[in-house]
Amino acid sequence: MRTLADYTANDVAIEATQAYSKHVEQWQTELHPNGALECYFAAEIVRATWRIQSYAIFDTPDMPEQTRAAWLHYRNQTNAGIRRNLEELRRIQSDRYLQAHLGILLPGVASLKLVLPALKLPKQHEETKMQPENPTAADISRSEAILHAQIQDEERRQLAEFRKNNPDPLPEPESLAPAQPSPKPATPRNAPCPCTSGKKYKNCCGHWSKAPLPKAA
């Protein structure tokens, strides 16, 4: 099986091989990749962090402003790539752990922090596998409730972050509805008609013949 050192053996020139090997060893201890896919993402992290260290020596006080802006942009993009590769590596390692130690195979969409609180992890000092107890209906319901609540918390957090990054959201549907006109006060039947005809309201505009017909008519 190829190791992280094998994936990164030809990344640098010969004169930088010794320093790069120490760099790879540090990340091997930090990331603990196991398998081809994990070594691939770990190698991407190793290369990106090496570039950041190598190019940082050019960031001097007398650097032109345009060059400094380009360097900062490149550094931010590289750091974003490191975070993405690290998240993917940890997700793969979490799936591998759950499958090996708990007998759970995740489809790749669940987050470890959402799953583990609802599960009972085995103690680290146990060397032999123990037969898991059959969970009761109450245990299953409690675990599902905890998992569902944490998923809702995560969705609310993501929604709050989206609203924070988008300060001008679309108006709520209620605000788009036209305002309903306030109903006019009813005129007493024996009062003078508001149309100033001099007749009583019941004999003028309030007469039954001037009432609006229903839609069926």
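Report in % the part of the accessible area of the stretch 1-98 that belongs to carbon and sulfur, leaving out ligands and nucleic acids; probe 1.4 Å.
On the way: 3520 of 6420 Å².
Within the stretch 1-98, the accessible surface is 55 percent carbon and sulfur.
Kindly state, as a whole number, the per residue volume in cubic angstrom of the convex hull around the alpha carbon atoms of the stretch 1-82.
Details: hull volume 8.2 nm³, N = 82.
Spread over its residues, the Cα hull of the stretch 1-82 gives 100 Å³ apiece.
SER143 accessible area, nearest 10 Å², 1.4 Å probe?
40 Å²
The values are calculated or read from the model by the stated rules, or taken from the named source; none is laboratory data. What you see is a predicted model; the values in this text were computed from it and never measured. Keep in mind that these areas ignore ligands, DNA and RNA; they rest on the heavy atoms of the full protein, side chains included. Shrake-Rupley method; radii C 1.70, N 1.55, O 1.52, S 1.80 Å.
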